[in-house]
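Single-structure report; data block below.
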Amino acid sequence: MGKQRRNQLLVIGTLIIGLVLLYQPYSVLLRGAALLLLIISAILSALSFSEKRIIEVIAGLGLIAGFSFLYLPVPAVLHSSAFHLLAAGAIAFGMTTSLIRFSEIAAGVVVIAGLVSLYQSLSQLLQSSGLHLILTGIIVLAIVSPRKLLIERVSIGGIVLGLVFLCQPFAILLYQTGFQVLLGGLTGFIVVAHRAA
């Protein structure tokens, strides 16, 4: 059995095990392990399969499912799996998409929508989903954007702003959202710093 075939079987295995652990009702720890397995599957799928279009479509469906589970009235087990699906879908989609310009614009819009969601006061659902949007958008943006230096600088700016928001004593809203801004910037920086040039 060749290395590529072995990696493809590993992708399928980690995906199946990750999904089984994600939807088991017994242990939160196993659901955490599911996130790791889904991310491993997403990364390996982009590297192991030559037909990138199929992976791109599957990842796109994962993103659609994640957004649907986040905003639609679904059972709690599906709602709580939205982050897992969005993270794994964003990685796989970003690594396989051929629609670079469209993906870059869409990811930027998602990041901005996440920031707006954090700071609006009309809906608690939108406010609580802001981090999901920020992380999904920044992962795709950091992977697909040809403007690596710009994304790196924006991510560093997010880290600095998040730290300032967490340390300032004047506005409670900035303090409450400082961690989300910090995590979004840190995620973007890590992804863009480790991607291939």
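What follows draws every value from the coordinates through simple rules; no lab data is involved. A quick note: this is a predicted structure, and the numbers were derived from the prediction, not measured. Cβ: placed from backbone, ideal geometry, glycine included. Neighbour counts: every protein chain shown.
Panel order for 26, 71, by other beta carbons found within 10 Å of each beta carbon, from fewest to most: 26, 71. Computed from the Kirkwood radius of its Cα pairs, the Stokes-Einstein diffusion coefficient for the chain at 25 °C and 0.890 mPa s stands at 141 µm²/s. Look at the alpha carbon pairs under 8 Å that are at least 6 residues apart: their mean separation over the length of the chain gives a relative contact order of 15 percent. Taking packing as the residue-averaged number of other Cβ atoms within 10 angstrom, the listed peptides 133-143, 90-100, 45-55 run from highest to lowest as 133-143, 90-100, 45-55.
Computed from backbone phi, the HN-Hα couplings of the stretch 146-159 come to x, 8, 4, 5, 5, 5, 4, 5, 4, 5, 5, x, x, 5 Hz, rounded to whole numbers (Karplus: 6.51 cos²θ - 1.76 cosθ + 1.60, θ = phi - 60°; Gly and Pro given as x). Applying both filters, DSSP loop and at most 13 other Cβ atoms within 10 Å, to the trypsin sites (Lys or Arg not before Pro) of the stretch 146-181 gives 147.
This model, with +1 at the C-beta of Lys and Arg and -1 at the C-beta of Asp and Glu, gives the stretch 1-98 a dipole about its Cα centre of some 260 debye.
Principal axis extents of the Cα atoms in the stretch 1-98, from largest to smallest and rounded to whole angstrom, are 41, 29, 13.
Using the beta-carbon distance between residue 30 and residue 153 and R0 = 41 Å, what value does 1/(1 + (r/R0)^6) give for FRET efficiency, to the nearest 0.05? Calculated transfer efficiency: 0.60.
Computed from Cα atoms, the angle from the helix 172-194 axis to the main principal axis of the chain rounds to 40 degrees.
When both the stretch 1-65 and the stretch 119-174 are represented by their alpha-carbon centers, they are found 26 Å apart. Taking the Cα of residue 179, stepping 7 Å toward and past its beta carbon, and measuring to each backbone N in the stretch 102-129: which are under 15 Å? Flagged as within label range: 128-129. Computed packing ranks the peptides 60-70, 170-180, 184-194 as 184-194, 60-70, 170-180, most packed first, by mean other Cβ atoms within 10 Å.
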